[in-house]
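The structure appears right after this line, and notes come after that.
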Amino acid sequence: MKVLIAGAGIGGLAAGLALQQAGHEVVLFEQAPELGEVGAGLQLSPNAVRVLHAWGLLPELNEIAFRPEAIELRLHKSARRIAHIPLGVEAEARYGFPYLHAHRGDLHRRLTDVLRARAGEVIRTGARVVDVKQEPHHASLIFANGSVETGDLVIGADGIHSAVREALFGPARPHFKKMTAWRGLVPAHRVREAGIRPSATSWMSPHAHAVTYYVRRGELLNFVGVTECEDWTSESWTEQGSREELAADFADWHPSIRAVVEAIDAPFRWALHARAPLERWSEGRVVLLGDACHPMLPFLAQGAASAIEDAAVLTAALGQGDVTAALQLYEEIRKPRTSRIQKEAEANGRLFHLANPLLRAGVYGAMAAGGKVAPGLVASRYDWLMGYDALSAV
């Protein structure tokens, strides 16, 4: 088939790679005038790496990624460790594939380069989708400049503000979660004395939390800090906040976090929103993928991984025959899993932000004790997530 993909972010590129490898013709349309991704980190758990390996991308990942030693939960002032899930060789032995951290821009460039090497110049920039039309045997994207492109299938991989989703189902009102997230990248050598461990660490505070982890082979430290607030509602990833506001939000935290915050030259800030679950992800020959159909809070680090899984399952489903039936099968397989990830991410947000002193002592104390008594049980809690095989789901 000829498949038109709206959006050339991580999800769109993943779909392009999977479909091209399966023998389809793909064309990607990106509204930005040039390709690129924001300067931020992302986590690729073994469930995502399994798929990328099947597409022949593990060598590229190894060149750009960082392999963390563990996932850790710590208290924001004392740095006391509450939970520890080993990664590294233990995760690879358990799931068959490593857990990786990457700079979003690095991953985006590698996916772009590989797609172009395999399929040619199939990515068109400056192409803003404004509508979708379809007939029984084809579907078309309509662009802001009036041009039209027609194919056998349209995939909306155009993110949380998806124009394809709006064309199918109308506008979706976002629900502000009364939380904003700071982000920043710091050269690792500038915070060498801060004592940030080579792990994905969540620092938990009443009404706030922060996450630290290394990317780009350990050359950069990624920081995300989430605070509860009422007055910042912009969803833009590229809106800059002030260093003074950032420092004020984390002024009484552990010295390690304060050192990282002080080293961030250009902090960015965005508001966290949720959207009501969609009843359907497809209509006719048009289907959604990634954040366009299941936007999720970042508290389980599965946004990119879920889009990569989507691409694998959608491609396999399309190999079963009839397009309409394939899109229904894709949705039936993916919706229960992505819904669970959305719920677990929300639950993590509540866990990280516990404010009642008695509740914090009880919950965190039980977690710490459980990790000492039965460390294997803590790791197994995420087997459903990291051990998932999207390649065998159809």
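The values are calculated or read from the model by the stated rules, or taken from the named source; none is laboratory data. From a predicted model like this one, the values you see are computed outputs, not experimental measurements. With ideal geometry, Cβ positions are generated from the backbone for all residues, glycine too; neighbour counts draw on all protein chains shown. To get the accessible areas, we keep the full protein, side chains included, count just its heavy atoms, and leave off ligands, DNA and RNA. Shrake-Rupley method; radii C 1.70, N 1.55, O 1.52, S 1.80 Å.
Annotations
- Per residue accessible area of segment 235-326, 1.4 Å probe, in Å²: 38
- Residue of Trp384, Trp203, Trp270 that the Gaussian network model of the chain assigns the largest fluctuation, springs spanning Cα pairs under 10 Å: Trp384
- Residue order for Ser282, Ser147 - accessible surface, 1.4 angstrom probe, largest first: Ser147, Ser282
- Most tightly packed first, judged by the mean number of other beta-carbon atoms within 10 Å of their residues, the peptides 91-101, 328-338 read 91-101, 328-338.
- 10 Å-binned pair-distance histogram of the chain (Cα, whole percent): 5, 23, 33, 25, 11, 3, 0
- Binned Cα-Cα distance frequencies in segment 247-288 - 5 Å width, integer %: 5, 15, 15, 11, 9, 7, 7, 8, 11, 8, 3, 0
- Kyte-Doolittle at least 0.5, axis length at least 18 Å by Cα - qualifying DSSP helices, the chain: 303-318, 357-373
- Modelled spin labels at Lys2 and Asp389, positioned 7 Å past Cα toward Cβ, are 3.7 nm from each other.
- P(r), alpha carbons of segment 267-331 - 5 Å bins starting at zero, rounded %: 3, 16, 23, 22, 15, 9, 6, 3, 2, 0
- With all pairs of separate Cα atoms included, segment 62-118 yields a Kirkwood hydrodynamic radius of 13.5 Å.
- Shape class of segment 130-204 from the Cα gyration tensor (axes a ≥ b ≥ c, square roots of the eigenvalues): prolate, since a/c reaches 1.5 or more and a/b is larger than b/c.
- Cut-off 19 Å (backbone N to label point 7 Å along Cα→Cβ of Val148), residues of segment 273-301: 284-287
- With the simple spin-label model, which puts each label point 7 Å out from Cα in the Cβ direction, the Glu90 to Ala54 separation comes to 2.8 nm.
- Across all Cα atoms of segment 19-149, the radius of gyration (one decimal) and Dmax (whole number) stand at 19.7, 62 Å.
- Relative contact order (percent, whole number), segment 159-229, Cα cutoff 8 Å, 6+ residue spacing: 34
- Segment 94-136 shape via C-alpha gyration tensor axes, a/c threshold 1.5: prolate
- Extension gain, Glu63 to Arg190, is 43.5 nm, computed as 0.36 nm per intervening residue step minus the present C-alpha separation.
- Unit charges on C-beta of K, R, D, E only; dipole of segment 35-139, Debye: 340
- Between segment 1-80 and segment 238-273, the Cα center-to-center distance that results, in Å: 26
- 18 Å reach of a label modelled at Asp231, 7 Å along Cα-to-Cβ, counting backbone N of segment 253-277: 269-272
- Share of carbon and sulfur in the accessible heavy-atom surface of segment 171-262 [1.4 Å probe, %]: 49
- Zone of Leu377's modelled label, taken as backbone nitrogen in segment 347-369 under 18 Å from a point 7 Å along Cα→Cβ: 362-369
- Take the Cβ atoms of Ala274 and His207, set R0 to 22 Å, and the FRET efficiency comes out at 0.75.
- Theoretical FRET efficiency, 1/(1+(r/R0)^6), r = Cβ-Cβ of Asp265 and His161, R0 41 Å, to 0.05: 0.90
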